[in-house]
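Participant: The structure that follows is given in the form of structure tokens.
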Amino acid sequence: MTRAWRWIDSIFVDLSRQMRWSFLPPLLIYFAYGAQGITSVAGAFYVKEYLDLPAAFLAGLSFWVGIPWALKMPIGHLVDLIWRWKYLLILLGAALMASSYGIIVALLTLPEVMQAIMPVNAWYVTAIILAPCGFVLQDVVADAMSVEAVPHRDADGTLLAEEETRALHTTMQTLGRIALIGGSSAAAALNVLLFEGAEALPQAEKGALYAHVYTLALLVPVLSLSGVALALVQRLRRTADLRRAGLPQAEIRTWLDPPRDPVDVNWWYFIGGGAFVALSLSVGLSDLAYGQEIIFAGSMAIVLLLMRQLIAVLTPAQARALIGTAIIIFVYRAKPLSGPGASWFEIDVLGFDPQFFSVLSLIASLLTLVGMIVLRPMMANHTIAWIVIFLTCSEALLSLPNLALYYGVHEWTSAMTGGVVDARFIALVDTAVESPLGQVSMIPMLAWIARNAPSGLKATFFAVMASFTNLALSASSLGTKYLNQIFVVTREVTDADGTVVTAADYTQLGPLLITVAVLTLVAPLIAIVIIQNSRFRSED
């Protein structure tokens, strides 16, 4: 019993002991970011039922969606420079998010009006790009707020020891990921309720339901703004308490604000951000062949240049460790995915409906929450390289059930078990086991930055390193696009009178899933072997 209690204390109780009220404002913004998942199911079915967009185009669109995250570089440096006014970026981000959701609502409720202005597909692409622009603004500020939220004094005004502040920074980053997944869990649970019986609705009522979901999503930017409001209220109350205690204004400020190194403008971050925007617009709005590849290569060159500026303030040992860690995580996140074809197969062939997809999303979110808490000691006691090896092998193994579903293993298991172990049962079990793994890889790097980055450049460090690792997601989208061009998967598309415009063809999905599984296993392991046998060896 004592050993069990020690385990519970180290996993759950200790995390709650380190919770601070000042953590809540950034946690609300992270929660709002996770809650955007309320549109994931409605969005997937909207694309399938209303838009005639091929899988390769949608995979390519994922590339464009990931590009705004590279703008975290100049935004992060801007936040460090305008620290006192950073909340204005939260407001701008909320406006962009609301615009994105509002466009989809209008497309579903006023399609003729919207189509008279611009084609539906163009409206959809615009909405899909606006949302990440809003979220990237809010995410950068939330990262900065997560640093500010960690107290540097105790209740008596005594400065906290360095070991204690480091522990609180690690806790703050872990709670940030938990809040994000908590938001997605809440969204998934709401989707389960909203989509109950949706498969039996006429198409017009399905469209009305999708519009209702996107209308509810307009509460997401409101939720993020509540985090700013709470931060301001906490600051005002703390200021009033200190004034009543008789402290002068100058001393009050030292109590409220953590010590920060002076920050000078580094124009390289803004020059790099401007070059990125110019490159994206000039190439993206042209018909230049391999435009996405050119933007990716240019963005990578810009990010690497800015990373060089960043690591110049670190010791040589810290710089080498950060470079090695970033490369390992980049390759891990850059592995290609199967693309939308797998979801289409599950909808058309396996008969998965919107509510079941919502159930899968809810299970994944809830178990990810538990998994992140339970795996926290693993993250604390093992190197990042070891963690990535564990995640890589686990994900490769867990790709097998989806492959088995494509080749009809569920028909044999269902016959052998009287219908118990059917396609949905296998999908549920696979989701339950796989779900805790996805969010784990970034926590060690975030904690490293929170502990080791200079106090006046933490937002810049968060932003530049996140831009580098998020470019991995753009690389993943490119790889996904290439694989979907090689292994072509199509779903049935019909026009208004029921005529089949595009026939369903899932014959290439099996080879696609096999290729993805092999790359998922091989690419990260090769990267780890190379890095761990070089001077960039990561031991953190």
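The numbers here are math on the coordinates, done by the rules we state, and not lab data. As the structure is a computational prediction, the values presented were derived from the model and not from experiment. All Cβ positions, even for glycine, are placed from backbone atoms using ideal geometry, and neighbour counts span all protein chains on display.
Participant: So what J values fall out for the range 88-101 if you push phi through Karplus, 6.51 cos²θ - 1.76 cosθ + 1.60 with θ = phi - 60°, rounded to Hz, Gly and Pro as x?
Facilitator: 4, 5, 5, 5, 5, x, 4, 5, 5, 4, 4, 5, 4, 5
Participant: Continuing with this model, one more query. Determine which lysines satisfy two conditions relative to Lys86: a Cα distance under 19 Å, and not lying fewer than 8 residues away in the same chain.
Facilitator: Within the straight-line cut-off, Lys86 pairs with Lys72, Lys458.
Participant: Expected output is a single nm value to one decimal: the length gained when fully extending between Met19 and Ala245, i.e. 0.36 nm times separation in residues minus the C-alpha distance. What is it? Don't skip to the end; give the middle numbers.
Facilitator: Numbers: separation 226, 0.36 × 226 = 81.36 nm, distance 2.55 nm.
Net length gain for the segment: 78.8 nm.
Participant: Pop the C-beta distance of Glu411 and Ser226 into the FRET formula with R0 = 51 Å and round what comes out to the nearest 0.05.
Facilitator: That pair, Glu411 with Ser226, gives E of 0.55.
Participant: For the range 29-39, just list the computed ³J(HN,Hα) in residue order, Karplus coefficients 6.51, -1.76 and 1.60, θ = phi - 60°, integers in Hz, with x standing in for Gly and Pro.
Facilitator: After applying 6.51 cos²θ - 1.76 cosθ + 1.60, I find 5, 4, 4, 4, 4, x, 5, 4, x, 4, 8 Hz.
Participant: With θ set to phi - 60°, apply the Karplus curve 6.51 cos²θ - 1.76 cosθ + 1.60 along the range 323-329 and write out the HN-Hα couplings as whole Hz, x wherever there is a Gly or Pro.
Facilitator: Calculated HN-Hα couplings, in order: 5, x, 4, 5, 5, 4, 5 Hz.
Participant: If you find the alpha carbon centre of the range 471-513 and of the range 192-228, how far apart are they in angstrom?
Facilitator: 26
Participant: Let me ask something else about it. Non-local amide H neighbours of Asp505 (under 5 Å, H modeled in plane, Pro and chain starts lacking H): which ones?
Facilitator: Thr490, Arg491
Participant: Need one number: nm distance between label points at Leu88 and Thr515, each 7 Å from Cα along Cα→Cβ, rounded to one decimal.
Facilitator: That separation, rounded to one decimal, is 4.8 nm.
Participant: Using the basic label-point model (7 angstrom from Cα toward the beta carbon), what is the Ala297 to Val265 distance in nanometres?
Facilitator: It works out to 3.3 nm between the two label points.
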